[in-house]
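Structure first, commentary second.
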Amino acid sequence: MFRKLPINLVNTLSKRSFISINHPRVSSKLNPPETDDHHQRHHQQNDERNNNKVTDSSSRSRRYPIQFIAASSFLSWFSKKDDEDSPENQLIKTIKMSILNIQREDYRKAEQMLHIALKMAQDLHSKDGITYIYDIMANLAMEVGEFTKAEKLFANVMQRLFADGFVEDHIKMLHISSKIAHIAQLQGHLDKAVQGFEWTIAKLEENLKKVGEDKEILELWGITKNWYAQLLMELKRFTEARECFKQAYDAYTQIHGKLTEEGLSILNNLSVACSNLEDYTSAEKYLKEAISLASQIPNLSEEGVYRANLGLLYLQQGLINQAKEFCSFAWKYGKQHSHEDTVIQANYCLEQIKAMQM
């Protein structure tokens, strides 16, 4: 049964609606110093929670939609020596250990290993090694929320690549351009972010026209479209955001298939865009697809978040029974899997239902 919501509840829901899990989180494992941009982002996140805003860009994600190490494969430039104990092979081992620590989210250990690797590369006068290590350092700084540091390191990498003869539309350059635009977005420099994303997307599309279906270019195009869509959501350009999320999802699933956490977070964001356009039919379709796919991925606790989001979508439409069913399930699921975001979102939904029934 459809039930019209009180106007005050409509306003509240329109400000919250869904949570998503797409931006990098600041890990406590590195405990970076409270830099200005870290401090600013921390307060911005608190303000968003306090104001219950709709966001497709929260700090709940575990990873970017791509393993960033693969996005800048400078290791292929090294020539491996037969002697396992050679300085060059020891450098490669140290770099690989730092990458492994990043993948384990042991960021402090990764940073220590990277500084050791940098000293080794400098002693060897390895230009490629130094460039690659700076690139990993930049990605690590971006991962933990040290955005100013990340931007400076990325600029250093670009300068080194320019000096080695790389042109501005080379794929390695475009990886960095996309990340610098994303950093600008995270810092709240939205005009700079728009310009960066639009320039990068245009160059990527030119490259795709030249070379056809290149996997690396297509993947970066999809990642950049996803980040750009998040920015468009902040700018309330929901129609454009919806189209960019669709393109990002199609590109990502074309390469990686549908059963991935990263693809589902894009699908969830797509439902957020549809909800903001009051296209509830499409929003429901995408969330149900996300829930169905999530159930096929072992140990994916975000399935509860998607169920809570669907409950809130029903609540927006005044469908109280359906909302209660999905939010109650999400609450139990969150408790069972010790997933705080699911419990918080489900609690919010159940509180709104209770308020309507008083």
Quick one: ASN276 ticks every box in (1) modelled with pLDDT of 95 or more; (2) open to solvent by 40 Å² or more (accessible area, probe 1.4 Å); (3) within 21 Å of GLY311 (Cα to Cα) bar one, so which box is it? (1)
Within region 259-285, considering residues that are not in a helix (DSSP H, G or I) and not aliphatic (A, V, I, L, M), the one farthest from ALA323 (Cα to Cα): THR260
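So which residues in region 212-255 are in contact with a Cys (Cβ under 8 Å, 6 or more places away or on another chain) and not aromatic (Phe, Trp, Tyr), if there are any at all?
Going through region 212-255, the residues in contact with a Cys (Cβ under 8 Å, 6 or more places away or on another chain) turn out to be 225-226, 228-229, 232, 242.
Answer for region 212-255, where residues must be in contact with a Cys (Cβ under 8 Å, 6 or more places away or on another chain) and not aromatic (Phe, Trp, Tyr): LYS225, ASN226, ALA229, LEU232, ARG242.
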Subset of region 233-276 [over 15 Å from the mean Cα position of the chain (by Cα) and polar (S, T, N, Q)]: THR239, GLN247, THR253, GLN254, SER271, SER275, ASN276
Among LYS324, LYS332, LYS288, LYS354, which is open to solvent by 60 Å² or more (accessible area, probe 1.4 Å), in a helix (DSSP H, G or I) and either β-branched (Val, Ile, Thr) or within 28 Å of GLU243 (Cα to Cα) (or both)? LYS288
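Within region 302-316, identify whether any single residue is open to solvent by 10 Å² or more (accessible area, probe 1.4 Å), closer than 23 Å to ASP341 by Cα and not in a helix (DSSP H, G or I), and answer yes or no.
Narrowing region 302-316 to residues open to solvent by 10 Å² or more (accessible area, probe 1.4 Å): 302-303, 307, 314, 316.
Restricting the remaining residues to those that are closer than 23 Å to ASP341 by Cα gives 302-303, 307, 314, 316.
Those left that are additionally not in a helix (DSSP H, G or I): 302.
Yes, the conditions are met somewhere in region 302-316.
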Does LEU91 satisfy the condition of being surrounded by 14 or more Cβ atoms within 10 Å (Cβ to Cβ) and over 17 Å from the mean Cα position of the chain (by Cα)? yes
Applying the selection to region 179-217, what residues are farther than 24 Å from ALA150 by Cα and crowded, with 18+ Cβ neighbours inside 10 Å? ASN207
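For the structure I just gave you, tell me whether LYS225 is in a loop (DSSP other than H, G, I, E, B), closer than 26 Å to LEU310 by Cβ and touching a helix residue (DSSP H, G or I) at 6+ places or on another chain (Cβ under 6 Å). Let's see the steps before the verdict.
Numbers: in a loop (DSSP other than H, G, I, E, B): no; closer than 26 Å to LEU310 by Cβ: yes; touching a helix residue (DSSP H, G or I) at 6+ places or on another chain (Cβ under 6 Å): yes.
So LYS225 does not fit the description; no.
Quick one: would you say LEU319 is buried (at least 21 other Cβ atoms within 10 Å of the Cβ) and at negative phi?
no
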Condition first: assigned to a helix (DSSP H, G or I), more than 18 Å from ILE183 (Cα to Cα) and open to solvent by less than 50 Å² (accessible area, probe 1.4 Å). Now tell me which residues in region 136-169 satisfy that. LEU161
Could you check region 127-162 and list, in sequence order, the residues that are within 23 Å of ILE92 (Cβ to Cβ) and among the small types (Gly, Ala, Ser)? GLY129, ALA138, ALA141
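The values are calculated or read from the model by the stated rules, or taken from the named source; none is laboratory data. Note that the structure is predicted; figures quoted are calculated from it, not measured. Reconstructed Cβ throughout: ideal geometry from the backbone, glycine too, with neighbour counts over all protein chains shown. Heavy atoms of the whole protein, side chains included, go into the accessibility calculation; ligands, DNA and RNA do not. Shrake-Rupley method; radii C 1.70, N 1.55, O 1.52, S 1.80 Å.
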